[in-house]
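Take a look at the structure set out below.
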Amino acid sequence: MKNQLTIGLFGFGCVGTGLYEVLNKTTLLQASIKHIVIKDLSKKRIIDSSYFSTDSNRILQDDEINVVVELINDSEAAYEIVTTALRAGKHVVSANKKLIAYHLNELVSLAKENNVSFLYEASVGGSIPIIRNLEEYYNNDSLSNISGIVNGTTNYILTKTAEGESFDEALKNAQDLGFAELDPTSDVDGFDAKYKLVLLLKHAFGFTTKQDAVWNYGIRQLKDWDARYAREKGLKIKLLAFGTRINNQIVGFVAPHIIPNNHFAFNVENEFNAVVVEALFSDKQLFLGKGAGSHPTASAVLSDISALQFDYAYEYKKSKTEEHLSFDSDYSLKVYLSATSQEKLDQITFIETHETYTGQSHSYKIGIISYEEISKQDWNNAPDYFLAVIPDSIQLTKNTDISTEKSAHLIEELS
Ligand SMILES: NC(=O)c1ccc[n+]([C@@H]2O[C@H](COP(=O)([O-])OP(=O)(O)OC[C@H]3O[C@@H](n4cnc5c(N)ncnc54)[C@H](OP(=O)(O)O)[C@@H]3O)[C@@H](O)[C@H]2O)c1
């Protein structure tokens, strides 16, 4: 039996307006928006002003409203809205990855205590249906890897730098087109991708991590010579959120990767997102779609609302193994590291060097570096350097055979 859904909507910007439009074009869904709370009543809206107020209680204290859809751009205000709504026994749908990454356990507990659902498909990968697939489709398949391009702004910038634009030009164009915020820190320094990775790790491996524990390095320090190096070698630089499970260890980080043309992310361009899931039985599967935008993002919100008709809630089934898992920072990686001088380059200690170049404007090195060495620098604020990870190069420092370890844990988990 389908539930009748009466929605209170917070936010009527890019995604909120998109939700109103897609709901209007959806005939099968028994859902209607009763009231919309926004910040600035003087703004012109595409629908009648009687829908709007700035008073949260018009939604939160209305017993007829059984679903709160939170689509605002302020994660602190969103925390108050979402927690109050859950306590009031209302289902909540949100797209706010920062809010959720910071408060996941608390919000999940609140939803459980109040016997309501808290859904957030749109918070990772925009239109890509990844969270519910991780929850439901891979229920009986054991995941070993999840990685992806989960930030459309940086992917747009990297598409342009690969074509020869400088980072600054590409960022300015992204801002002019509305893809990037005036303060682009969250996107270009990899914070936005990290919030999404925290959610992916939870649903892929059942692992909760504090977002502070995850290394996020973005693309702010990318130089023309790095983009040129990649172009000349037939490679591309992409910002990837990366997570892997090796036995009971989880490794996860956000960093630029320098990838060959057979890598899944090579042809994922502009604002598109892509996530690859690797599991024991299904092997590698690629999810590709628009990671942002009004209607694509609203489509994921719509799907959550639709799921509420049937009382859907995430069960966090994989979390039952959580107590055995720990976050591992004891690993090494193969990287490309460029620096504005040989002297600067020599300040970073490599375990092995595979290739070096010393030039007048810059120098670079390719080789193996420990995460311990990486963690000594605040790379987002180190303008003399640019670092990119070479894929599939992680070695746990304990010198384990990763492929054997992975199969062992997967088989053990399923037996
Ligand atoms: N845009 C995307 O493509 C995209 C993709 C994935 C996820 N998301 C997430 O979706 C959410 C909404 O993003 P958006 O792009 O739609 O943002 P947006 O276009 O900037 O719109 C934000 C809306 O929130 C309202 N608002 C701000 N503070 C408020 C408060 N305290 N109380 C009530 N309303 C408030 C604003 O009101 P006024 O209209 O009065 O200013 C505006 O309507 C964010 O969490 C974002 O991270 C967005």
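Table for the structure above
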{"item": "Residue list for segment 293-329, filter: touching a helix residue (DSSP H, G or I) at 6+ places or on another chain (Cβ under 9 Å) and at positive phi", "result": "Gly293, Tyr316"}
{"item": "Condition check for Asp187: assigned to a helix (DSSP H, G or I), under 20 Å from Asn381 (Cβ atoms) and out of contact with any helix residue (DSSP H, G or I) (no Cβ under 8 Å at 6 or more places or on another chain)", "result": "no"}
{"item": "Residues located in segment 108-135, provided they are more than 13 Å from the ligand (Cβ to nearest atom), farther than 21 Å from Asn3 by Cβ and touching a Leu at 6+ places or on another chain (Cβ under 8 Å)", "result": "Leu134"}
{"item": "Residue list for segment 381-394, filter: under 21 Å from the mean Cα position of the chain (by Cα), of a type outside the set (Asp, Glu) and open to solvent by 10 Å² or more (accessible area, probe 1.4 Å)", "result": "Ile390, Pro391, Ile394"}
{"item": "So Glu70, is it away from the ligand (no atom under 13 Å from the Cβ), in contact with a strand residue (DSSP E or B) (Cβ under 8 Å, 6 or more places away or on another chain) and either touching a residue at least 12 places away in the same chain (Cβ under 8 Å) or not assigned by TED's automatic domain parsing to the domain that holds Val150 (or both)", "result": "no"}
{"item": "Any hit, segment 25-47, residues being in contact (Cβ under 8 Å) with a residue 60 or more places away in the chain, loosely packed, with under 15 Cβ neighbours inside 10 Å and not hydrophobic (A, V, I, L, M, F, W, C)", "result": "yes"}
{"item": "Test result for Ile348, at pLDDT below 95, among the β-branched types (Val, Ile, Thr) and touching a helix residue (DSSP H, G or I) at 6+ places or on another chain (Cβ under 8 Å)", "result": "no"}
{"item": "Cross-chain or 6+ apart pairs with Cβ under 8 Å, segment 81-106 first and of a type in the set (Asp, Glu), then assigned to a helix (DSSP H, G or I) and open to solvent by less than 40 Å² (accessible area, probe 1.4 Å)", "result": "Glu106/Thr83"}
{"item": "Conditions (1) within 16 Å of the ligand (Cβ to nearest atom); (2) aliphatic (A, V, I, L, M); (3) open to solvent by less than 20 Å² (accessible area, probe 1.4 Å): number failed by Ala265", "result": "(1)"}
{"item": "Test: Leu171 is surrounded by 18 or more Cβ atoms within 10 Å (Cβ to Cβ) and either touching a Ser or Thr at 6+ places or on another chain (Cβ under 6 Å) or assigned by TED's automatic domain parsing to the domain that holds Ser393 (or both)", "result": "yes"}
{"item": "Unique residue being in the same structural domain as Lys196 (by TED's automatic domain parsing) and over 26 Å from Asn155 (Cα atoms) when the list is Asp55, Asp63, Asp141", "result": "Asp141"}
{"item": "Residue satisfying condition, being within 17 Å of Ile131 (Cα to Cα), among the basic types (Lys, Arg) and outside the structural domain of Glu113 (by TED's automatic domain parsing), within set Lys284, Lys238", "result": "Lys284"}
{"item": "Every residue from segment 1-24 that is surrounded by fewer than 17 Cβ atoms within 10 Å (Cβ to Cβ) and either more than 16 Å from the ligand (Cβ to nearest atom) or of a type in the set (Lys, Arg) (or both)", "result": "Met1, Lys2, Asn3, Gln4, Asn24"}
{"item": "Residue count for segment 216-231, restricted to those that are in contact (Cβ under 8 Å) with a residue 40 or more places away in the chain and open to solvent by 30 Å² or more (accessible area, probe 1.4 Å)", "result": "5"}
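The values are calculated or read from the model by the stated rules, or taken from the named source; none is laboratory data. Just so we're clear, the structure is a prediction, and the values are computed from it rather than from any experiment. In this analysis, Cβ positions are derived from the backbone assuming ideal geometry, glycine residues included, and neighbour counts consider all displayed protein chains. To get the accessible areas, we keep the full protein, side chains included, count just its heavy atoms, and leave off ligands, DNA and RNA. Shrake-Rupley method; radii C 1.70, N 1.55, O 1.52, S 1.80 Å.
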